[in-house]
Amino acid sequence: MIRHVVFFSAINPEDSNAIFDGLSILANIPHASLFEVTRNLKVDKINGKDPDFIVYAEFTNQEALDAYKAHPLYKKSISIVRPLRDMRIAADFLG
């Protein structure tokens, strides 16, 4: 299984709902065996600049992850979120 975790922050806090809605589009892509998008609770203040959103997904294999990223809804989500986001950090790992 591949676990896919992506952290995002907003350039402007007033765009938070638009970013959340744009990321939520990804839930309609059928290739993930588990998918979540959530707002960060920001309870650990060590870094000072915490991400605003987390996307977490699980895929059975690399082909499923590749199909997810090739899906038209993935491109739609990017077109909404990319202009509004500041930070994006992604990590994929075997679980």
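Descriptive notes on the structure:
- The range 62-95 and the range 31-54 have Cα centres spaced 15 Å apart.
- The string of couplings for the range 16-27 from the Karplus curve (6.51, -1.76, 1.60, θ = phi - 60°) is 4, 5, 5, 5, 4, 4, x, 5, 5, 4, 4, 5 Hz, one whole number per residue in order, with x for Gly and Pro.
- TYR68, TYR56 arranged by Cβ crowding within 10 Å, fewest neighbours leading: TYR56, TYR68
- Gyration tensor verdict on the range 1-56 (Cα atoms; rounded if a/c is under 1.5, prolate if a/b is larger than b/c, oblate otherwise): oblate
- Build a GNM of the chain with springs between Cα atoms under 10 Å apart, and of SER33, SER16, SER24 the one that fluctuates most is SER33.
- In sequence order, calculated HN-Hα J values of the range 4-15 (Karplus, 6.51, -1.76, 1.60; Hz; x Gly/Pro): 10, 10, 10, 10, 10, 10, 8, 5, 10, x, 5, 8
- Residue-count net charge about GLU63 - beta-carbon cut-off 15 Å; Lys, Arg +1, Asp, Glu -1: -2
- Radius, Kirkwood style, for the range 27-90 when every pair of distinct Cα atoms is counted (Å): 13.3
- Charge tally in the Cβ shell below 10 Å around LEU84, where Lys, Arg are +1 and Asp, Glu are -1, LEU84 excluded: -1
- Most fluctuating residue given options LEU34, LEU84, LEU65, as computed from a GNM of the chain linking Cα atoms under 10 Å: LEU34
- What you get for the chain, charging only the Cβ of Lys and Arg (+1) and of Asp and Glu (-1), is a dipole of about 160 debye around the Cα centre.
- Spin-label pair ASP92/LEU73, simplified geometry with 7 Å Cα→Cβ offset, distance in nm: 1.9
- Eligible aspartates and glutamates near LYS42 by straight Cα distance, threshold 20 Å, same-chain separation 8 or greater: GLU14, ASP15, ASP21, ASP50, ASP52, ASP86
- For the chain, relative contact order (Cα pairs under 8 Å, six or more residues apart, normalised by length) works out to 50 percent.
Computed from the coordinates by the stated procedures, all read-outs in this text should not be read as laboratory data. The structure displayed is predicted, hence computed values, not measured ones. Every residue, glycine among them, receives a Cβ derived from its backbone with ideal geometry; neighbour counts consider all protein chains shown.
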